[in-house]
1. Got a number for residues in the range 70-104 being of a type outside the set (Val, Ile, Thr), crowded, with 16+ Cβ neighbours inside 10 Å, under 19 Å from residue 34 (Cβ atoms) and without any contact (Cβ under 8 Å) to a residue 40 or more places away in the chain?
2. Kindly list the number of the only condition in (1) in a helix (DSSP H, G or I); (2) more than 15 Å from the chain's Cα centre (by Cα); (3) acidic (Asp, Glu) that fails for residue 93.
3. Residues 122, 76: which one is under 13 Å from the mean Cα position of the chain (by Cα) and under 25 Å from residue 48 (Cβ atoms)?
4. Taking only the range 90-117 into account, find how many residues are among the polar types (S, T, N, Q) and more than 30 Å from residue 66 (Cα to Cα).
5. Among the residues of the range 56-68, is there at least one that is under 19 Å from residue 105 (Cα atoms), touching a residue at least 40 places away in the same chain (Cβ under 8 Å) and in a helix (DSSP H, G or I)?
6. Kindly establish whether residue 12 is more than 30 Å from residue 124 (Cβ to Cβ) and in contact with an Asp or Glu (Cβ under 7 Å, 6 or more places away or on another chain).
7. Looking for whichever is surrounded by 12 or more Cβ atoms within 10 Å (Cβ to Cβ) and out of contact with any Leu (no Cβ under 9 Å at 6 or more places or on another chain) here; the options are 108, 64, 48. Which one fits?
8. Please verify whether residue 7 is modelled with pLDDT under 95, among the small types (Gly, Ala, Ser) and loosely packed, with under 12 Cβ neighbours inside 10 Å, treating the condition exactly as stated.
Amino acid sequence: MSQAEESPFKGKTGLRRLINATGYSIDGFRAAWQHESAFRQVCLLALAGVALAFWLPIPPWGRALIAFAHFLSIVVELLNSAIEAAVDHTSLDHHLLAKRAKDLGSAAQFASLVNMAIIWGVVLYSHYG
């Protein structure tokens, strides 16, 4: 496809575009669950973490922050998995830029997990400390 050509999928508008986008998103979640163990781990961590946040007697703002931190980690893992798939599709050969792209995606996920731990700490300290 030359630079002047556009994807045939980009011409959809309105309800048809929304239906297509929803289908693509479902396919993406299904592929992430099926092929990415890190995605499954982050989802299970979110399930346990959000359940714990709603079980503990913490204020609603704390529950919301904790749920948001877990959801953010899921989003970051989806993006990290997309980067890895795109890099691997391009080439499986060792290349410094490919390694950098994958390492940056991994660092983003690490940062989101650190963010989650800090939020948990702040919420628990503000309520119990």
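The values are calculated or read from the model by the stated rules, or taken from the named source; none is laboratory data. Every value quoted in this text rests on a predicted model; they were computed, and no experiment measured them. Every residue, glycine as well, gets a Cβ built from its backbone with ideal geometry; the counts of neighbours run over all protein chains shown.
1. So the count comes out to 1.
2. (1)
3. 76
4. Of all residues in the range 90-117, those among the polar types (S, T, N, Q) come to 90-91, 106, 109, 112, 115.
Now narrow it down to the ones that are more than 30 Å from residue 66 (Cα to Cα): 90-91.
Number of matching residues: 2.
5. No, the conditions are met nowhere in the range 56-68.
6. Numbers: more than 30 Å from residue 124 (Cβ to Cβ): yes; in contact with an Asp or Glu (Cβ under 7 Å, 6 or more places away or on another chain): no.
So residue 12 fails the test.
7. Checking each option against the conditions leaves just 64.
8. Against the criterion (modelled with pLDDT under 95, among the small types (Gly, Ala, Ser) and loosely packed, with under 12 Cβ neighbours inside 10 Å), residue 7 qualifies.
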